[in-house]
Amino acid sequence: MNNYFVILAAGKSKRFDKNIAKQFYNYKNKEIIDHSIDKSLNSKLFKKIIIVTNKLNHFKKKKYPNSIKIIKGGKERSDSSLIALKYLKKFKPKNVYIHDAARPNFSIKLLKNITKNLKNNKAVVPIVSSKDSIKYKIKNQIFNLNRDNSFLTQTPQAFRFKELYNLAINEKNKISDEATLFINRNYKIKFIPGENKNKKITYLNDIEKSKTYFGIGFDIHKLIKDKKLYLGGVKIPFHSGLKGHSDGDVILHAIIDAILGATRKKDIGTYFPNTKKFINIRSPKMLKPIIENIYKSNYSINNLDINLICEQPKVSKYRDKIINSISKLTTLNKSQINLKGKTVEKLGLIGKEKAIACEVIISITKYA
Ligand code: ZN
């Protein structure tokens, strides 16, 4: 794993109408640049992650792991890219990935696909087709570009370090991406499918065209002997478990319904009916496709608030474990999840430890 990830964040954001530099603007509950940092870290594909910026002060108060290095950038994007390559040379990297901080929405899956293709290629670049018709101008003449033969390049773009370094150091012109260097020399590039959601955020409008929704979820299951108890995906030692077609995890079921509510997608029974196919299904397996689906559609969860209603077990004893588990299943930060325990003064079925109920409220933002 001799891979290095470079995040270019030295842009002046001329088209971004705000006093704050674009890469530091809050987007989906964190700064735009932190999306790229977190994903490159979480992918575990890189020895070092290099952030190239002209706002070194901004990073002083941040706590990053040692594998992250912050260096000062240049005037243009291509200057910053070359500065990063020169900085990296002493580490003798095999591969280098160059990424624009203004693209926070790529997936770790894309990173892995790039890496796989880099084994047998010296340059791998993700592309998408253009939805707009493209024209170009030479002197005063306008030409049509055949849309079927044209495509748009995205980042991250990945290269054999040596090749890219030699091309970059000899380039005299401003370039807008590293693929340009390979194309100008007629060097082979492996193009792979990019991601439509991996758009470059250029205008403030791209971010502010967002809408926030709320969803509510409720669930209750009967407690029965000889079944394991699962709450929030955690196995809890207890005298009974929750009866149901699945493992009866009331917390995860209420979360699923809250998500479906906020995204206006009906209810849990629509996707997981009481059929043979789902008998004894574990609830994390039910939550996973629902979560993947909303992230794919550019929804972002702001926070989750959970009321677990039961006499026993005591929530305080398992709170951290359950929040940890939900954080893993949803990829939310623990600070976005709250879990409250609520007893019912020994009243009714729940009070007599014959059932456990849960209610959840969620806030979700849909980004353009
Ligand atoms: Zn249920």
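The values are calculated or read from the model by the stated rules, or taken from the named source; none is laboratory data. Because the structure is a prediction, the values reported are computed rather than measured. Positions of Cβ are generated from backbone atoms using ideal geometry, with glycine treated the same way; all protein chains shown enter the neighbour counts. Calculation scope for accessible area: heavy atoms of the full protein, side chains included, ligands and nucleic acids excluded. Shrake-Rupley method; radii C 1.70, N 1.55, O 1.52, S 1.80 Å.
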Practice task
Please give the per residue accessible area of segment 209-367, computed with a probe of 1.4 Å over protein heavy atoms only, in Å².
Solution key: 53
Problem - Accessible area, probe 1.4 Å, largest first, for residues R103, R264, R319 - result: R264, R319, R103
Problem - Alpha-carbon centroid distance for the pair segment 9-83 / segment 324-368, whole angstrom - result: 35
Practice task
Please state the charge dipole magnitude for the chain, taken about the Cα centre, from unit charges on C-beta atoms (+1 on K and R, -1 on D and E), reported in debye and rounded to the nearest 20.
Solution key: 1280
Practice task
First measure r as the distance between the Cβ atoms of K109 and K346, then evaluate 1/(1 + (r/R0)^6) with R0 = 56 Å and state the FRET efficiency to the nearest 0.05.
Solution key: 0.70
Practice task
Quickly work out the N54-to-N338 label distance, labels modelled 7 Å from Cα along the C-beta direction, and quote it in nm with one decimal.
Solution key: 4.2
Handout entry: Relative contact order of the chain, defined on C-alpha pairs under 8 angstrom at six or more residues apart (%)
Key = 15
Problem - Accessible area of the chain belonging to carbon and sulfur atoms, whole % at 1.4 Å probe - result: 51
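Taking Rh as the Kirkwood radius, which is the inverse of the mean 1/r over Cα pairs, what is the Rg/Rh value for segment 209-367? Don't skip to the end; give the middle numbers.
On the way: Rg = 15.1 Å, Rh = 15.7 Å.
In segment 209-367, Rg relative to Rh is 0.96.
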Problem - In Å², nearest 10: area of D267 left accessible to a 1.4 Å probe - result: 70
Fill in the blank from the handout: Treating every alpha carbon of segment 88-233 as one equal point scatterer without solvent, the Debye formula yields log10 I(q)/I(0) values at q = 0.10, 0.18 Å⁻¹ of -0.54, -1.17
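Order these peptides, 205-214, 294-303, by their mean beta-carbon neighbour count within 10 angstrom, highest first. Can you show the working numbers first?
Details: 205-214: 13.4, 294-303: 17.0.
With the highest mean Cβ count within 10 Å placed first, the list reads 294-303, 205-214.
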Problem - Stokes-Einstein diffusion coefficient of the chain, Kirkwood radius over Cα pairs, 25 °C, 0.890 mPa s, in µm²/s - result: 105
Handout entry: Per residue, the convex hull volume that the Cα atoms of segment 3-206 enclose (Å³)
Key = 142
Problem - Per residue accessible area of segment 51-167, 1.4 Å probe, in Å² - result: 57
Practice task
Using per-residue counts of other Cβ atoms within 10 Å, averaged over each peptide, order 252-260, 268-276 from highest down.
Solution key: 252-260, 268-276
